[in-house]
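The values are calculated or read from the model by the stated rules, or taken from the named source; none is laboratory data. In this text the structure is predicted, and so the values were computed from the model without any measurement. Neighbour counts are summed over all protein chains in view; Cβ atoms, including those assigned to glycine, are modelled from backbone coordinates with ideal geometry.
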Amino acid sequence: MTSEEEDYYYSDHDSPEGNPLSLQFVDSTVEPCSIQVITKESLLEAQREDLCQVMDMLMLKERHARTLLIHHRWNVERLSTELVEKGRDRLFSEAGVTIEERKKHALPWSYSRSLVTCNICFEEVSPNAVTTMDCGHCFCNDCWTENFIVQINDGQSKHIRCMEHKCNAICDEAVVRNLVSAKHPDIAERFDRHLLESYIVDNNKVKWCPSVPHCGNAIRVKGDSYCEVECTCGLQFCFNCLSEAHSPCTCQMWKFWGQKCQDESETVNWITVNTKPCPTCHKIVEKNGGCNLVVCTCLQSFCWLCGAATGISHTWTTIDNHSCVRFGEDITEKAECAKRDLHRYTHCYNRFNAHKDSLKLESNLKETIQNSISILESKEPGLRDHSWAMNGLYRLFRSRRILSYSYPFALYMFGNNIFKNEMTKKELVLKQNLFEDLQQQLEVNVERLSNLLEQPFDQFLTHKVLELRLQSINLATLVNELCKKMYECIENDLLGTLPRMVQIAPYKPKGVQRASGLSVSWDSDPSSMSTEACNS
């Protein structure tokens, strides 16, 4: 598919000042979206999909399937793997699932004709006032209820266990709900809410959208969690670390970059490189001339070379034990390292911001290009397809964003910070040259595409517009290929050769993937789901 044949859509609610521009293609041939947004209304439906899958796989009741999934943090694949590795009995035992028939257990209470004695409170109660769990242990309803309330208040709603000593069985959630709601409906409601929200809290494939103020949505990803997603509220973010979409930076790199831009580390570096403390008052002094005899505001003179105060033994005519001529390797190396790090950071920071600023300014081209297209279509209605202009613009947005984030990546990839002990100096130089060559090619062609799209093509003659159209299509295709090559270089030649596994969100030519909605086909009562409903 060429750039001319590709159709994008642009999210007007996105702003370069806040979220990265939303760049997407509209393509009816794509596979169903593997990223889904879960709202408050569809949360139960999302949970039921996994529940029904486990219920059908193991022929279990709902409560047992839920216990297994909560124990395995709602990871169906992991549950299936452990089923094969450990077997059914061990799998159930570790999760606290008991599905034996109650009649096989001897009743652990003493009883007379009409009353039974609870082994917890030792009160005699009616047989109708006791409850037996799947594990066979039976106590009076009052003791069960108080125990359930204590566990719920202690935050153990997802793992309410039997009261019997050394019994690991998880209690029937329907029994818990019924007994607690009879005395404390609010606590029972909290119990149901915790069971429902465990699908998001415990599930590493589902995370809340980090929007502020919170939109109320969660995002579910099927597949690798190292990806960038767009919520229906318009926010684009990294699913792995929940910060803004930052590919091709790794999550660790982006965290360090944010901290570095916010703290005073570079101010300290600048002070180290360009100033020295007065040996008397310890104020920071910057040299403004060529002479190495510096005078502080406190009138103390000192030597800029070694930092020692001038006096009886250290003057410009008599120098006793003067250390200026002696090379302090550790001090010099520290200063040179600070200067090198400062220059590298300044280089990357300036270019990161330059491309960000360009992205903001280029966002204004959208309206200009749409107006130009309208003018051309009014001159020649239906004669030409001018989608090349908008497609080129969205390719420009996407590649400009990637280019800006490539500079924080370069800072930490080649700055001997994160991977200092994982590459030799020779390997570092070779990899840096390879990456910077690709980065330079991308930068050159992005600027060419930007300059081309700024042309007032609505004022051009037809042959000039056709020439511009061909150039735009070719440039957009070339820029896309360069972005792809940069990602392949990072994944294979740079990060892929490291001893430890380091991942980035993969390149998406069609932009950050927007989450699709999850349809709601059930009612919102957690207690309404049944095995028959799932199987149907």
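Here are the numbers:
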{"item": "Qualifying position, being of a type in the set (S, T, N, Q) and surrounded by fewer than 17 Cβ atoms within 10 Å (Cβ to Cβ), among 225, 198", "result": "225"}
{"item": "Answer from 399, 378, 406, 374 - the residue that is free of Cβ contacts under 8 Å to residues at least 12 places away in the same chain, in contact with a helix residue (DSSP H, G or I) (Cβ under 9 Å, 6 or more places away or on another chain) and part of a helix (DSSP H, G or I)", "result": "374"}
{"item": "Meets criteria (surrounded by 16 or more Cβ atoms within 10 Å (Cβ to Cβ), of a type in the set (Gly, Ala, Ser), over 36 Å from the mean Cα position of the chain (by Cα) and at pLDDT below 85) for residue 289", "result": "no"}
{"item": "Considering residues of the range 94-123 that are assigned to a helix (DSSP H, G or I) and at pLDDT 90 or above only, the residue surrounded by the fewest Cβ atoms within 10 Å (Cβ to Cβ)", "result": "94"}
{"item": "Matching residues, the range 61-79, being among the hydrophobic types (A, V, I, L, M, F, W, C) and free of Cβ contacts under 8 Å to residues at least 40 places away in the same chain", "result": "65, 68, 69, 76, 79"}
{"item": "Candidate set: the range 403-462, residues that are of a type in the set (Val, Ile, Thr) and surrounded by 14 or more Cβ atoms within 10 Å (Cβ to Cβ); chosen: the one modelled with the lowest pLDDT", "result": "418"}
{"item": "Condition check for residue 79: within 25 Å of residue 220 (Cα to Cα), outside the structural domain of residue 160 (by TED's automatic domain parsing), of a type in the set (A, V, I, L, M, F, W, C) and at pLDDT 90 or above", "result": "yes"}
{"item": "Residue that is nearest to residue 46 (Cα to Cα) [pool: residues in the range 60-74 that are crowded, with 17+ Cβ neighbours inside 10 Å, out of contact with any Ser or Thr (no Cβ under 8 Å at 6 or more places or on another chain) and not hydrophobic (A, V, I, L, M, F, W, C)]", "result": "66"}
{"item": "Residue 427 of a type in the set (Asp, Glu) and in a helix (DSSP H, G or I)", "result": "yes"}
{"item": "The listed residue being among the polar types (S, T, N, Q) and closer than 20 Å to residue 246 by Cα, out of 387, 374, 399", "result": "399"}
{"item": "Any pair with Cβ under 8 angstrom, 6 or more apart, that starts in the range 432-453 at a residue that is closer than 14 Å to residue 494 by Cα and without any contact (Cβ under 8 Å) to a residue 24 or more places away in the chain and ends at one that is in a helix (DSSP H, G or I) and aromatic (Phe, Trp, Tyr)", "result": "432/414"}
